[in-house]
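Comments concern the structure below.
The values are calculated or read from the model by the stated rules, or taken from the named source; none is laboratory data. Fair warning: this is a prediction, and the values are worked out from it, not measured in the lab. Note that we place each Cβ from the backbone using ideal geometry, even for glycine, and neighbour counts take in every protein chain shown. We work out accessible area using only protein heavy atoms, side chains counted, and drop any ligands, DNA or RNA first. Shrake-Rupley method; radii C 1.70, N 1.55, O 1.52, S 1.80 Å.
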Amino acid sequence: MSEAQDIFCCFSPIKILFDSLKIFLRNKQIFFFIFALTTFPLSFLVVSLSISTHQLRSKIYHLEAIAHLASTRFEARHVWEESRGDAVSVLRTKALFFIPCYILSLIAAITAVNSTTSSFNGKRPNLQTAVTAVKLTWKRPVVTTILVYGIMLAYAAVTRTSLALTTASHGSRFLVQAIGSGVELYLMAVLSLGMVVSITEDRFGWEAIKVGSGLMAGRRFCGCVLSGLFVVLSNKIAWNLETMMDGEDSIVELSRSSPGSSTATNVLIEVQDKMGLIGLYGFAVLFSYVITTSFYCDCRRRNVIRELEDEADTV
């Protein structure tokens, strides 16, 4: 790789971020509508789910620690059974939130991707074009998301198995985790680009993912960096949320023990205190769609230029 190419690889993510910000600011109205109608409610549901299950999750972690330290197998089995019961309750709560979260996420992705590509091509996106895009293209991304979820779930299972089988030193476990995180970032970049392909082109499922992977040729470092930025930001928001909830556990316990209190009321009170994080996460989700679409448009444009140069060389 030449020195010019090295410099381009280093600054390419910055260029994509800058282009995404310009598109976002140039179309503030439509993106505000997308934020208000999709990603903010989505963020509200995600935070509400986290608050609703926080105490149960904390209890599960506590029970698992006790089970590992239990003096007899009988005691450990009893603790594991209680832990599994709480885990089932968490899964049920997540199942209740899944469908509305999925629908909002799908609509947000389609409208944000369509608005970004329209702006990239010199058009002025609006609410009508966004709604039309949802009506015309929703089937393709639905099929693609099913495959994306399947791939990520399978990879998560492989990662957990690899860590479970790694019983050597802490250094070996760290190496496995580092490699796993790198592969996960790459998968996220490819699958995200595949989702954009399924929205903007007449492709879906494995074909869309394959096209997205092909478009990333020579730009894989840039794609991984962009995916990593969203992971770092979302993890930071999640960490701040967990920290806030850990500090409020005693207050929540007191309110739940008071007469007339309800879980829904307590969750709503806690959510009101976290509106800043909810808004930040909603914006992060929306901007991640804009960034991924800008990356797709740039890859597609460079791919066309490369094909024209190859045709010129063969003449």
Inset, instruction - For Arg173 paired with Asn240, estimate the spin-label separation in nm (one decimal), with each label point 7 Å from Cα along the Cα-to-Cβ line. - result: 3.0
Inset, instruction - Using the Karplus curve 6.51 cos²θ - 1.76 cosθ + 1.60 with θ = phi - 60°, work out ³J(HN,Hα) for each residue of segment 94-99 in order, rounded to whole Hz, and write x for Gly and Pro. - result: 4, 5, 5, 8, 4, 4
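Sort Arg203, Arg140, Arg84 by heavy-atom solvent-accessible area, probe 1.4 angstrom, most to least. Kindly include the intermediate steps, with their values, before the conclusion.
Numbers: Arg203 80, Arg140 45, Arg84 135 Å².
Heavy-atom accessible area, descending, gives Arg84, Arg203, Arg140.
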Inset, instruction - Determine how large the accessible area of Val285 is when every protein chain is in place; take a 1.4 Å probe and give Å² rounded to the nearest 10. - result: 10
Inset, instruction - Could you work out the local net charge near Leu136, counting Lys and Arg as +1, Asp and Glu as -1, over the other residues with Cβ closer than 15 Å to its Cβ? - result: +2
Inset, instruction - For Val183 and Leu56, calculate 0.36 nm times their separation in residues minus their Cα-Cα distance, and state this gained length in nm to one decimal. - result: 42.6 nm
Inset, instruction - Kindly flag which residue pairs out of Lys22/Lys139; Lys210/Lys274; Lys28/Lys135; Lys22/Lys94; Lys139/Lys274 have an alpha-carbon separation exceeding 28 Å in this structure. - result: Lys22/Lys139; Lys210/Lys274; Lys22/Lys94; Lys139/Lys274
Legend entry - Label point distance in nm, Val143-Ile99, each placed 7 Å from Cα along Cα→Cβ: 2.4
Inset, instruction - Take the Cα pairs of segment 118-206, get the Kirkwood Rh, then feed it into Stokes-Einstein at 20 °C and 1.002 mPa s and tell me D in µm²/s. - result: 138
Inset, instruction - First select every other residue whose beta carbon is under 14 angstrom from the beta carbon of Ile110; then total the charges, Lys and Arg +1, Asp and Glu -1. - result: +2
Inset, instruction - May I ask you to evaluate 6.51 cos²θ - 1.76 cosθ + 1.60, the Karplus curve with θ = phi - 60°, for each residue of segment 51-59 and list the ³J(HN,Hα) values in order in whole Hz, giving x for glycine and proline? - result: 5, 4, 9, 4, 5, 5, 5, 4, 5
Inset, instruction - Please work out how much length the chain gains when fully extended from Ala87 to Val131, using 0.36 nm per residue of separation minus the C-alpha to C-alpha distance, in nm with one decimal. - result: 12.0 nm
Legend entry - Per-residue ³J(HN,Hα) for segment 211-217, Karplus 6.51 cos²θ - 1.76 cosθ + 1.60, θ = phi - 60°, Hz, x for Gly and Pro: 5, x, 5, x, 5, 7, 4
Inset, instruction - Kindly report, to the nearest 10 Å², the accessible surface of Ile237 as traced by a 1.4 Å probe over protein heavy atoms only. - result: 10
